[in-house]
Amino acid sequence: MRVNKLEKVNIGNSKHRYKSYPYALSFGAIKNKTIPLSTQKGRLKQLFNDFIIKLKQKGRAKMTENYINLRDEFSKELEKLSVSLQKACWDFYTNSTSDKMQKYETLQDGYSKLFKNENFYKRFREIDKTKLPKHEQKQLKDLLKEFDEELNAGEELKALRQKENEIAKKFNSYIPKIDDREVTKTEIFKILQTETDPDIRKKAYEAKIKGGDLISEDLVEFVKMRNNFAQNKGYKNYFEYKLKEDYDVDSEFLDKLIEETYSKAHSKITEILKTKQDELKDFFGINSLENYHYGLLLDSNPEKGVNEILEEISQTTPQGKKGVNEILEEISQTTPQGKKGVNEILENNDIVKISKSIYKSMGYDIEKLEKEGKITLDLFPRKGKNTHGFCFGIEAGKDSRILANLTNNVASLDTLNHELGHCMYDLGISTALPFLDRRPSSPAFTEAIAMMMGDIIKTENPLKEIIPSELLEKFKSTHKEDEASFVAKSLLIIDFERELYSNPNQNPSELWNKLTKKYLNREVKTDNEWATIPHYLSHPAYYQNYFRANLMKVQIYNYLKSNLGNLTENKNSAEFMNKNIFECGASVEEYDLIKQLTSKDFSADDFIESLN
């Protein structure tokens with residue numbers, strides 16, 4: 001029976017009064033003369049303990065309800081500002097003018113102002129986080145951190161944002177030149193892949209590095225500014241601050257993961273790098289390599305053959321007119337100012353067509369999503385546009401955009417497939433989730449999905465109708481080399497950033513050179529190549545997400561393939577990934593999601609095995 005009256009209950013020598021009970025708690029309810037009194041009292045005590053637990057649960061439920069109501073009230077304002085801010089960021093990155101930067105900074109200030117609202121801050125602080133579920137505890141912690149930073153360090157944050165935008169504008173506005181002729185950074189990349197003349201390669205490389213020269217001193221000063229901010233928060237430096245506060249990554253766990261992976265992959269990495277270096281030395285007829293020698297695709301590399309086929313699909317120039325110098329020369333001599341060359345237009349369209357076809361084979365209709373306004377693609381280089389590749393998740397489930405600078409080769413196909421992976425994740429997130437959960441599970445998890453999609457041209461057969469079978473098999477066989485090389489480059493980038501924040505007074509170019517020798521086995525002249533890494537400016541401490549994602553993607557892909565077969569040969573792949581990964585957004589933490597999905601804890605095991 002249920003008792004809803006005031007009732008006295010004796011437990012030992014204590015007396016407790018309660019106004020109501022969720023279930024029968026009277027002594028008579030268990031009284032039985034055939035059972036020893038001590039046993040009867042034990043049973044009653046257990047019932048009482050259960051009741052106290054229920055009361056605590058009720059208290060936790062009420063606190064959780066209060067938090068959710070407050071969170072949703074705050075999120076209504078946050079969502080409007082976030083969407084506007086993301087759109088302004090997109091406008092600035094796609095066209096880095098002064099007025100676009102000013103609008104972006106104004107919205108950044110508006111976003112900051114919301115987190116300076118003392119009323120909201122006070123109400124969030126009144127929530128007892130110990131009574132919230134684990135996931136909501138983390139949400140509250142993140143919210144309070146942002147409030148605390150804006151209220152107590154708002155001017156410092158504003159100064160950091162302004163400094164970052166100034167450096168970004170300077171770097172984005174840089175136009176490389178070769179022999180006084182303007183070229184895009186995409187064209188420089190292609191020259192370094194295909195050009196065999198060392199003099200031209202050197203000019204292209206130096207044109208690339210001048211962009212780093214332009215901002216290298218600014219970046220070092222920016223590192224010091226960031227460190228001052230982090231040290232005021234009780235951290236040794238900004239790298240450690242970002243690692244913990246923004247990415248919730250335990251530094252000891254990361255160190256252990258890096259050490260385990262590198263130690264097991266080191267011999268394979270060294271073997272691959274030495275083989276490639278020896279081939280380049282033989283080709284150029286030299287005993288030591290300079291920075292500008294690296295990156296050339298030799299005839300022995302099947303990627304070169306695949307690139308040539310991709311270029312030939314819609315190639316209209318005569319046989320033998322495939323070199324970048326010839327293309328650049330033709331564009332400068334025959335193409336009207338402001339117009340793209342025919343080759344560039346046709347080649348770029350082919351890359352987009354191939355990528356869209358790959359996604360359609362998995363059940364994603366990119367063209368339909370474009371028509372619905374859910375995807376925006378800004379894929380080709382132009383003046384004033386950021387020179388790298390990004391996905392902008394403007395509004396989960398509704399609006400995702402890609403900024404890229406493509407040409408017609410394997411790297412560009414990988415890039416587009418990668419960024420579309422981010423888009424599919426963003427658009428697959430359920431709009432029914434609370435606003436704070438309408439994002440990927442973690443930065444590393446969305447990178448894992450994107451990297452898995454970038455790899456798919458080598459892990460599966462979507463190019464079988466384009467590439468001859470023999471060449472395709474050779475091309476796919478280089479995937480292990482790519483993986484080993486990526487780990488080495490990732491560790492270089494991560495270790496450099498960590499060391500620079502630990503001691504920003506050292507010479508960064510010498511540090512880059514030292515670590516390049518350690519991880520890439522290269523001994524070259526010192527320069528500012530490090531400053532051309534975009535993440536150091538826009539996404540500090542982010543590259544460790546790529547490293548962890550590279551391990552995650554293998555574990556995730558192995559599971560998906562065991563259920564679906566080749567993803568690009570099963571139109572149910574999209575629905576499966578949407579339901580099992582994307583829909584839940586950030587409502588499930590990254591390592592919990594991996595365990596939930598694959599039934600295994602996250603580890604480097606699958607990745608290490610894939611190298612063998």
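Any chance the stretch 552-572 includes a residue that's over 22 Å from the mean Cα position of the chain (by Cα) and of a type in the set (Phe, Trp, Tyr)? Within the stretch 552-572, none of the residues are over 22 Å from the mean Cα position of the chain (by Cα) and of a type in the set (Phe, Trp, Tyr). For the stretch 388-403, filtering for residues that are part of a loop (DSSP other than H, G, I, E, B) and crowded, with 21+ Cβ neighbours inside 10 Å leaves 1.
Would you be able to say whether some residue in the stretch 429-446 is farther than 20 Å from Met552 by Cα, hydroxyl-bearing (Ser, Thr, Tyr) and in contact with a strand residue (DSSP E or B) (Cβ under 7 Å, 6 or more places away or on another chain)? Quick ask: steps written out before the conclusion?
To start, the set of residues in the stretch 429-446 that are farther than 20 Å from Met552 by Cα comprises 430-438.
The next check asks that each one be hydroxyl-bearing (Ser, Thr, Tyr); those that pass are 430-431.
Imposing the further condition that a residue be in contact with a strand residue (DSSP E or B) (Cβ under 7 Å, 6 or more places away or on another chain) reduces the set to none.
No, because not a single residue in the stretch 429-446 is farther than 20 Å from Met552 by Cα, hydroxyl-bearing (Ser, Thr, Tyr) and in contact with a strand residue (DSSP E or B) (Cβ under 7 Å, 6 or more places away or on another chain).
Under the condition of being in contact (Cβ under 8 Å) with a residue 40 or more places away in the chain and of a type in the set (Gly, Ala, Ser), which residue from the stretch 203-248 is surrounded by the most Cβ atoms within 10 Å (Cβ to Cβ)? So the residue we want is Ala204.
Name every residue in the stretch 287-301 that is in contact (Cβ under 8 Å) with a residue 24 or more places away in the chain and not charged (D, E, K, R), in order of residue number.
Of the stretch 287-301, the ones in contact (Cβ under 8 Å) with a residue 24 or more places away in the chain are 288-297, 301.
Scanning the stretch 287-301 gives Ser288, Leu289, Asn291, Tyr292, His293, Tyr294, Gly295, Leu296, Leu297, Asn301.
Considering the stretch 61-75, the residues that are in contact (Cβ under 8 Å) with a residue 60 or more places away in the chain and out of contact with any Phe, Trp or Tyr (no Cβ under 6 Å at 6 or more places or on another chain) include one that is surrounded by the fewest Cβ atoms within 10 Å (Cβ to Cβ), namely Asp72.
Can you tell me which of Asn287, Asn325, Asn291, Asn301 is open to solvent by 30 Å² or more (accessible area, probe 1.4 Å), modelled with pLDDT of 85 or more and of a type in the set (S, T, N, Q)? Only one candidate passes the filter, namely Asn287.
The set of residues from the stretch 487-534 being open to solvent by 50 Å² or more (accessible area, probe 1.4 Å) and under 23 Å from the mean Cα position of the chain (by Cα) comprises Lys489, Arg498, Glu499. For the stretch 78-112, the candidate set comprises residues that are in contact (Cβ under 8 Å) with a residue 24 or more places away in the chain, open to solvent by 50 Å² or more (accessible area, probe 1.4 Å) and over 23 Å from the mean Cα position of the chain (by Cα); within that set, the residue that is nearest to Lys383 (Cα to Cα) is Ser98.
Of all residue pairs spaced 6 or more apart or on separate chains, those with beta-carbon atoms under 6 Å, a first member in the stretch 577-593 that is closer than 20 Å to Asp246 by Cα and open to solvent by 40 Å² or more (accessible area, probe 1.4 Å) and a second member that is in a helix (DSSP H, G or I) and modelled with pLDDT of 95 or more are Ser587/Asp437.
The values are calculated or read from the model by the stated rules, or taken from the named source; none is laboratory data. Quick caveat, the model's predicted, so the values are computed rather than measured. Ideal geometry is used to build each Cβ from the backbone, glycine not excepted, and the neighbour counts take in all protein chains shown. Heads up: the accessible areas ignore ligands, DNA and RNA and are worked out on the full protein's heavy atoms, side chains in. Shrake-Rupley method; radii C 1.70, N 1.55, O 1.52, S 1.80 Å.
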